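Q: Sharing a structure with you now.
Quick note: the coordinates plus some simple rules give every number you see, no bench work behind them. Just so it is clear, the model here is predicted, and its values are computed rather than measured. Virtual Cβ from ideal backbone geometry, glycine too; neighbours counted across all protein chains shown.
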Amino acid sequence: MRKGFYFIGLALFAIVISAAIQSADEPQFVKGELLVKFSSGVTTQTIETSISQLGARSVEEMSAIGVRKLKIATTQSVKDAVQKFSALPNVVYAEPNYIYHAFNTPNDPSFGQLWGMNNTGQTGGLEDADIDAPEAWDITTGSDQVIIGVIDTGVDYKHADLAANIYTNPGEDAWTIPGDPSSGNGIDDDENGKIDDWKGWNFISDSNDPMDDNMHGTHVSGTIGAVGTNNIGVVGVNWTVRIMPLKFLDSDGSGDTDDAIKAIIYATDMGAKVLSNSWGGGGYSSALEDAIKYANDHGVLFVAAAGNDGVNTDIIPNYPSNYNVANVISVAASDHSDQRALWGSGGGGGDGCGLVCSKAVAATPGSNYGPKTVDLAAPGKDIYSTVPGGYSSLSGTSMATPHVAGAAGLLLAKSPDMTALQIKDRLISTVDVLPAFENIVVSGGRLNIANALQGL
Ligand SMILES: [Ca+2]
Ligand SMILES: [Ca+2]
Ligand SMILES: [Ca+2]
Ligand SMILES: [Ca+2]
């Protein structure tokens, strides 16, 4: 599995994006100013008479387009002045002098590498082949009330770009040393059967230390919620969130069904509303399906990677993404040109199989798809994110999945009462429909989180 991973040197791309002004919901405009266009052929004297009769004065003329900037009387509202000037027979239009602002971009130095969040063509791909994250961040950047469970190889909960966004169990005592699981009080304070489970759980060793000894779970976590605008590294879809580490895959990326089931039930019982599942393989399991149904019955969204074998999962099922439970949302991977991601070509590295290469691999290995069984695509090739002790790029539907799990987190931050099924419907119905995904995924397109947040 590891052979599919590859590293990009950290010093290669340091692009600093300056912080920008936050927008208000209503358009903002300059107080006391109007932009007015008079009909051509009207004399200057007539124009100036009209202006002064309405208590305004002309302060600037943009003669190339025949528009004047006016100062209006201090007693008059812009809205009122717009109406009065618009009603004049010689006026083509009158409007406020609107204020524009840059979208809410974070100061994290490697933000410029995250083409999946905001694609300017910086990696040679297609401009705007992205999830419109900066536009979404004008609406919300996440919430510490939203818990997203990462069922994976664990999480480097000490990572400088993750630590502040790691979930802690309010029912347990805090570890005396926040990075040391052995510094708890040795008592199962919340009586959930697990001693000192302050930052999730390790279902392999049955211990309170879910530290990542692979890198996969930490990478997934960074896409969901690397700390935003902290001047460090990258930024997640959520700048603020609570990531619950749930380790059931070992250092080689392997795990078994009973540990997966225990992780799903634990996360559900402890209040996670979204589960990110970048793993697969194995056959159909009634017990695992029952665990996913348990999550469904408790209103928990189950986001699952469609798999990396380049096959149609309508025909060759991939589990858990293929379970026919209402809360399952299955995710394919798109690349920086809004194509279905193919591994090991066009600038990619390695085979990118992540943890999900398991079945007969298609002629050109790439993201799985399925017009009935895969719901939508999300960025999943050459994705830069956190790994233990640093940052790295990885490819796979494993990397697409946390974009969708993160998007679900932003919806919950904005509308905490949304149900799992409402979130799923909204994410599917607001994709950017794209030729490359029409007729191969249910939605016909790629995640657009700004669209999903519109009107909530
Ligand atoms: Ca965009
Ligand atoms: Ca406990
Ligand atoms: Ca305790
Ligand atoms: Ca950061």
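Q: If you take the charge dipole of the chain about its Cα centre, with +1 on Lys and Arg Cβ and -1 on Asp and Glu Cβ, which of T268, I449, N230 is farthest toward its positive end?
A: I449
Q: Full-extension gain between T46 and S286, please, as 0.36 nm times their residue separation minus the C-alpha to C-alpha distance.
A: Details: separation 240, 0.36 × 240 = 86.40 nm, distance 8.21 nm.
Between T46 and S286, full extension yields an extra 78.2 nm.
Q: Also, quick follow-up: Magnitude of the Cβ-charge dipole of the stretch 245-302, K/R +1 and D/E -1, about the Cα centre, nearest 20 debye?
A: Using Cβ point charges on Lys, Arg, Asp and Glu, the stretch 245-302 gives about 260 debye.
Q: In Å, what is the Rg of the alpha-carbon atoms in the stretch 29-98, and how long is Dmax?
A: 10.7, 31
Q: Kindly put T141, T229 in sequence by how many other C-beta atoms sit within 10 Å of each C-beta, fewest to most.
A: T229, T141
Q: While we're looking at this one, here's another question. Could you derive backbone 3J(HN,Hα) for the stretch 33-45 from the dihedral phi with the Karplus parameters 6.51, -1.76 and 1.60 (θ = phi - 60°), listing whole Hz in sequence and x where the residue is Gly or Pro?
A: Karplus values, whole Hz, x for Gly and Pro: 10, 9, 10, 10, 10, 8, 4, 5, x, 7, 6, 4, 5.
Q: Here is a further query. Over the stretch 261-341, what is the relative contact order in whole percent, taking alpha-carbon pairs under 8 Å and six or more residues apart? Display every interim value, and only then the final one.
A: Values: 110 pairs, mean separation 24.4, N = 81.
Averaging sequence separation for qualifying contacts and normalising by length gives 30 percent for the stretch 261-341.
Q: To check you understand DSSP bridge types, tell me what percent of the beta bridges within the chain (both residues inside) are antiparallel, rounded to 5. Kindly include the intermediate steps, with their values, before the conclusion.
A: On the way: 26 of 54 bridges.
If we restrict to bridges inside the chain, about 50 percent are antiparallel.
Q: Quick check for me: using +1 on Lys/Arg Cβ and -1 on Asp/Glu Cβ, what's the dipole size of the chain about its Cα centre, in debye to the nearest 20?
A: On the way: 26 positive and 52 negative charges, 370 e Å.
Rounded to the nearest 20 debye, it is 1780 debye.
Q: Shifting gears a bit: Using the 10 angstrom Cβ neighbour count as an exposure proxy, how do K273, K381, K372 rank, fewest first? Don't skip to the answer; put the middle values down first.
A: Working: K273 24, K381 33, K372 14.
In increasing order of surrounding Cβ atoms, one gets K372, K273, K381.
Q: Please compute the volume of the convex hull spanned by the alpha-carbon atoms of the chain and report it per residue in Å³. Mind dumping the intermediate values first?
A: On the way: hull volume 77.3 nm³, N = 456.
Taking only Cα atoms, the chain has a hull volume of 170 Å³ per residue.
Q: Okay, moving on. Give the separation of the Cα centroids, the stretch 402-428 to the stretch 172-237, in Å.
A: 23
Q: How large is the helix-only mean residue ellipticity at 222 nm for the chain, computed as the sum of -39500 (n - 2.57) over DSSP H runs with n ≥ 4, divided by its residue count, in deg cm²/dmol to the nearest 500?
A: Working: 9 runs with 92 residues, N = 456.
So the helix-based figure for the chain works out to -6000 deg cm²/dmol.
Q: What is the sum of charges, Lys and Arg at +1 and Asp and Glu at -1, for the other residues whose Cβ falls under 9 Å from the Cβ of Y323? Intermediate values should be presented prior to the final figure.
A: Details: positive: K293; negative: E289.
After counting each charged neighbour, the total is 0.
Q: Per residue of the stretch 437-448, what does 6.51 cos²θ - 1.76 cosθ + 1.60 with θ = phi - 60° give for ³J(HN,Hα)? Whole Hz please, x for Gly and Pro, Karplus curve as stated.
A: Using θ = phi - 60°, the values come out as 10, 4, 6, 10, 9, 3, 7, x, x, 10, 2, 9 Hz.
Q: Additional query: Would you tally the net charge around Q113, using a Cβ to Cβ cut-off of less than 14 Å, leaving Q113 out, and scoring K and R as +1, D and E as -1?
A: Net charge around Q113: -3.
Q: Could you work out the relative contact order of the chain? I mean the mean sequence separation of Cα pairs under 8 Å and 6+ apart, divided by the number of residues, in percent. Could you put the intermediate results ahead of the total?
A: Values: 1183 pairs, mean separation 76.4, N = 456.
Dividing the mean separation by the residue count of the chain yields 17 percent.
Q: Could I ask something else about it? Can you pull the one-decimal nm distance between simple spin-label points at A73 and I187, each 7 Å off the Cα toward Cβ?
A: Once both label points are built, they end up 7.4 nm from each other.
Q: When only Cα pairs under 8 Å and 6 or more residues apart are kept, what is the percent relative contact order across the stretch 28-185?
A: Averaging sequence separation for qualifying contacts and normalising by length gives 18 percent for the stretch 28-185.
Q: At what distance in angstrom do the alpha carbon centres of the stretch 255-271 and the stretch 293-314 lie from each other?
A: So the separation of the two Cα centres works out to 15 Å.
Q: For K199, which lysines qualify as cross-link partners when the Cα separation must be under 28 Å and same-chain residues fewer than eight apart are set aside?
A: K158, K247, K262, K273, K293, K414, K424
Q: A follow-up question, please. I need the phi-derived Karplus couplings for the stretch 178-187: 6.51 cos²θ - 1.76 cosθ + 1.60, θ = phi - 60°, integer Hz, Gly and Pro marked x.
A: Rounded to whole hertz, the list is x, x, 10, x, 7, 9, x, 8, x, 10.
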